[in-house]
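Asks: Structure provided below as structure tokens; questions to follow.
The values are calculated or read from the model by the stated rules, or taken from the named source; none is laboratory data. In this text the structure is predicted, and so the values were computed from the model without any measurement. Because the Cβ atoms are built from the backbone with ideal geometry, glycine has one as well, and the counts that use them run over all protein chains shown. Note: areas computed on protein heavy atoms with side chains; ligands, DNA, RNA excluded. Shrake-Rupley method; radii C 1.70, N 1.55, O 1.52, S 1.80 Å.
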Amino acid sequence: THSVGCTAQFTQVAGIEALTGPQDQVDAMVSEYQLRRDAIVDGLNSIPGITCRKPQGAFYVFPNVKSLGKSSTGLANYLLENAGVAVLSGSDFGDLGEGYLRITYSNSIDKIKRAIERIREALSLL
């Protein structure tokens, strides 16, 4: 109720400041997320059996893993258990998500690259 019907004045002032104040930190984070996005997309596309399009917003990728021959849920569980990498099954987002995974890139580039290598190693054992 308080966040929708009766937003506090200090929250409103903070929102105005966020929209009208200096944007250098926003620009820096946008650049950082573009680097992270490119690292995860390039990394995933370098793994046999995975194709990943470059998203234009948010901080998630939705790679196609259909050619790996496992269900999205089975693959997500496999990667968690065998690579130590948590991903979401595309089928969690509806029937059309089957054959895809959802992976965030809201982490450091080093951790993204480490996750890509763990995924690569685990999938090479399939």
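Asks: When residue 76 is evaluated against the numbered criteria (1) part of a helix (DSSP H, G or I); (2) of a type in the set (Gly, Ala, Ser); (3) out of contact with any Leu (no Cβ under 7 Å at 6 or more places or on another chain), which criterion, by number, is the only one it fails?
Replies: Exception for residue 76: condition (3).
Asks: Checking residue 29 against (1) open to solvent by 80 Å² or more (accessible area, probe 1.4 Å); (2) in contact with a strand residue (DSSP E or B) (Cβ under 7 Å, 6 or more places away or on another chain), which test does it fail?
Replies: Failing condition for residue 29: (2).
Asks: Can you find even one residue in segment 65-78 that is within 15 Å of the chain's Cα centre (by Cα) and among the aromatic types (Phe, Trp, Tyr)?
Replies: For segment 65-78, residues within 15 Å of the chain's Cα centre (by Cα) and among the aromatic types (Phe, Trp, Tyr): absent.
Asks: Could you list, in sequence order, all residues of segment 85-108 that are part of a loop (DSSP other than H, G, I, E, B) and open to solvent by 50 Å² or more (accessible area, probe 1.4 Å)?
Replies: 86, 98, 106, 107
Asks: OK, next. Can you pull out every residue in segment 51-77 that is under 12 Å from residue 102 (Cβ atoms), aliphatic (A, V, I, L, M) and open to solvent by less than 70 Å² (accessible area, probe 1.4 Å)?
Replies: 61, 65, 75, 76
Asks: Take the residues of segment 109-126 that are in contact (Cβ under 8 Å) with a residue 12 or more places away in the chain and farther than 18 Å from residue 48 by Cβ: which is least open to solvent (accessible area, probe 1.4 Å)?
Replies: That would be 112.
Asks: Condition first: more than 18 Å from residue 124 (Cα to Cα) and touching an Asp or Glu at 6+ places or on another chain (Cβ under 8 Å). Can you find one or more residues in segment 19-29 that meet it?
Replies: no
Asks: For segment 20-45, which residues satisfy the criterion of being in contact (Cβ under 8 Å) with a residue 60 or more places away in the chain and out of contact with any Cys (no Cβ under 7 Å at 6 or more places or on another chain)?
Replies: Across segment 20-45, the qualifying residues are 33, 35, 36, 37, 39, 40, 43.
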